[in-house]
Amino acid sequence: MSLWMADSLARAGAGAAPQPRDWRTRLRDWADEVDLVPDLAERVGSLTWFRGLATCFGLCATALYLSPSFQPIPGLPGPGLSDAHYDEVRSQMMTPLALGADSGRHMGATDAVQPLRETPERPQIELSAQIGSSDTLARALSRAGVSGGDVATVTAMVGGDMSEGVKPGTRLDIILGRRTSRDRPRPLDKLAFRARLDLNLELTRAGGVLSVRRIPIRVDNTPLRIQGVVGDSIYRSARAAGAPPKAVQAFLRVIAGQVDLGGIGAGDRYDIVTEYRRAETGDVEVGDLLYAGLRRSRGKSVDMLKWTKDGRTEWFEASGVGERRGVLSAPVAGRMSSGYGQRRHPILGYTRMHAGIDFAARYGSPIYAVTDGVVAFAGRHGGHGNYVRIQHGGGLATGYAHMSRIAAAPGQRVRRGQVIGYVGSTGLSTGPHLHYELYRNGATVNPLSVKFTTTAQLAGAELSAFRARLAQYQGLRVGLHDNFAQKAPAAPVASGK
């Protein structure tokens, strides 16, 4: 727009009459000039502040005055229930047992209804029970309502089929029959459960006599072999390959006795063979580790096979050399608090020979035999309190004093690591601890100066059988084996009592 046009418009506007304003504009201008709603946090106590406070109270009073009423809206009361309607409604309720629990749909009483002299019983009761942890078949049957006589009969009939007891979690399908009178228990008409991985049992009553039917289940006992390459973790690698946790843990314990687990790196190969029983029903039982192998890219490789020699099962290397056993170990989990030699006795108050070493441990901690031997003494022994002495052969013996409780008997043969008692403070003792002594030809010696070391060695025919077993495991196919197709089904066996 040019300057001439702008000047012309300005002169025209100056000569024009002012336009009238409406009431809304005038009210808004007045409110802005008066400032009815100032900030109450500023100029506290001034005239403007009191004017804003009055505005606030006025608005609050107006809101309360215009608020709706909270009085209930009047209405007609509902009709009361008649006796017939009340009975109908009550029949649909769930009433507590303490009040009779007479709820549920039922017919009203008429003259045709006659009271029964006794309530009829169900002809039979079907129920399921389960074997709990640390439970027995007899206790589970008793809890289910089976009479003591039937429990004894069942135990006598099937006890030989369950040498190791029934596995926890086993389901019992039970049918109790009609009893002859109300003061007699219901007889056991049928019982079915799985006694072992390879056996189902069914007991039925016919003619008042229980008979048992044994139903064999085909089981593949081929050991399970798992191989793989160690990645970031040998445990995670083996678990990812399908090895059971129990087998992996046993494998690591065996390997740790031969090589440093920290030195096992990525690229090393592990080889695991474990007992594995698989039933045709799909159930599985994982047993003990049988073979542990480790092929290392650097360092010593490991081949360990479990073998039984002279009634003792232990791990042997591929060469037939067994693990070192009998090495003197700490008899209790605790720190050594007092050594062997002269010391001032804490109770008697004078210096005398301390013929052993003391281990500070918590009261009740288990005490272990340091190596294999025969218990020569177990009982109270003067200042030693509860005391156990073990002969280890070759003129060597060990003593364990101040026990709270003894867990061994004279003449008992014990093995290394077996619990023989528990830490206490019997005899001349100021607190719970273990006093441990070592004897050579009847005289005490410093226990820290002697180590028991023996190594088993296979030879001859036993070594040949050992190597044949090792070759058998190393020749197993990796993974599961399906041998059910080659086995014919076995016929059930029945017997009565």
Can you pull out every residue in region 206-218 that is part of a strand (DSSP E or B), among the charged types (D, E, K, R) and touching a helix residue (DSSP H, G or I) at 6+ places or on another chain (Cβ under 9 Å)? Arg214
Here are some conditions: (1) surrounded by fewer than 21 Cβ atoms within 10 Å (Cβ to Cβ); (2) touching a strand residue (DSSP E or B) at 6+ places or on another chain (Cβ under 6 Å); (3) in contact (Cβ under 8 Å) with a residue 40 or more places away in the chain. Leu434 meets all but one. Which one does it not meet? (1)
Can you spot a residue in region 412-422 that is modelled with pLDDT under 90, more than 30 Å from Ala318 (Cα to Cα) and crowded, with 19+ Cβ neighbours inside 10 Å? no
Which of the residues belonging to region 19-33 are at pLDDT below 75 and either open to solvent by less than 100 Å² (accessible area, probe 1.4 Å) or more than 21 Å from Thr55 (Cβ to Cβ) (or both)? Gln19, Pro20, Arg21, Ala31
Of everything in region 142-170, what is of a type in the set (Asp, Glu), surrounded by 13 or more Cβ atoms within 10 Å (Cβ to Cβ) and under 33 Å from the mean Cα position of the chain (by Cα)? Give them in sequence order. Asp161
Surrounded by 12 or more Cβ atoms within 10 Å (Cβ to Cβ) and modelled with pLDDT of 90 or more: is that true of Tyr473 in this structure? no
Failed criterion for Thr455 (all others in (1) part of a strand (DSSP E or B); (2) at pLDDT below 90; (3) touching a Leu at 6+ places or on another chain (Cβ under 8 Å) hold): (3)
Of the criteria (1) in contact with a strand residue (DSSP E or B) (Cβ under 6 Å, 6 or more places away or on another chain); (2) over 30 Å from Leu476 (Cβ atoms); (3) loosely packed, with under 15 Cβ neighbours inside 10 Å, which one Asn221 fails: (2)
Hits in region 259-290 - residues which are in a helix (DSSP H, G or I) and either aromatic (Phe, Trp, Tyr) or open to solvent by less than 50 Å² (accessible area, probe 1.4 Å) (or both): Gly263
Can you tell me how many residues within region 171-199 are open to solvent by 50 Å² or more (accessible area, probe 1.4 Å), under 20 Å from Leu127 (Cβ atoms), of a type outside the set (Asp, Glu) and assigned to a strand (DSSP E or B)? 3
Would you check which residues across region 79-106 are assigned to a loop (DSSP other than H, G, I, E, B), at pLDDT 75 or above and open to solvent by less than 100 Å² (accessible area, probe 1.4 Å) and list them? Gly80, Ser82
Need the failing condition index for Arg352 against (1) modelled with pLDDT under 80; (2) assigned to a loop (DSSP other than H, G, I, E, B); (3) of a type in the set (Lys, Arg), just the number. (2)
Here's a check for you: in region 330-349, which residue that is part of a strand (DSSP E or B) and at pLDDT 75 or above is farthest from His384 (Cα to Cα)? Arg335
Per the filter on region 378-432, residues outside any strand (DSSP E or B), of a type outside the set (Gly, Ala, Ser) and in contact with a Pro (Cβ under 6 Å, 6 or more places away or on another chain) are Thr430
Just for region 227-242: of the residues that are at pLDDT 85 or above and either touching a Ser or Thr at 6+ places or on another chain (Cβ under 8 Å) or of a type in the set (D, E, K, R) (or both), which one is surrounded by the most Cβ atoms within 10 Å (Cβ to Cβ)? Val230
Hey, among Ala401, Ala468, which residue is closer than 24 Å to Val302 by Cβ and modelled with pLDDT of 90 or more? Ala468
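Which members of region 145-167 meet the condition of being part of a helix (DSSP H, G or I) and of a type in the set (A, V, I, L, M, F, W, C)?
Val151, Ala152, Val154, Ala156, Met157, Val158
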Just one listed residue, out of Ala369, Ala409, Ala401, is at negative phi and surrounded by fewer than 16 Cβ atoms within 10 Å (Cβ to Cβ), and it is Ala409
Of the conditions (1) touching a strand residue (DSSP E or B) at 6+ places or on another chain (Cβ under 8 Å); (2) at pLDDT 80 or above; (3) open to solvent by less than 60 Å² (accessible area, probe 1.4 Å), the single one that Ala256 does not satisfy is (1)
How many of the residues in region 117-135 are of a type in the set (Val, Ile, Thr) and either open to solvent by 60 Å² or more (accessible area, probe 1.4 Å) or without any contact (Cβ under 8 Å) to a residue 24 or more places away in the chain (or both)? 1
Would you mind finding the one in Gly263, Gly208 that is under 33 Å from the mean Cα position of the chain (by Cα) and farther than 28 Å from Gly165 by Cβ? Gly263
Write out, first by first residue and then by second, each pair whose Cβ atoms fall under 8 Å of each other, whose residues are 6+ apart or on separate chains, and whose first residue, in region 459-470, is open to solvent by 60 Å² or more (accessible area, probe 1.4 Å) while the second is part of a helix (DSSP H, G or I) and of a type in the set (Val, Ile, Thr). none
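The values are calculated or read from the model by the stated rules, or taken from the named source; none is laboratory data. Everything numeric here is computed off the predicted structure, so don't read it as measured data. Glycine also receives a Cβ, built like all others from the backbone with ideal geometry; neighbour counts cover every protein chain displayed. These accessible areas exclude ligands, DNA and RNA; they are computed on the full protein's heavy atoms, side chains included. Shrake-Rupley method; radii C 1.70, N 1.55, O 1.52, S 1.80 Å.
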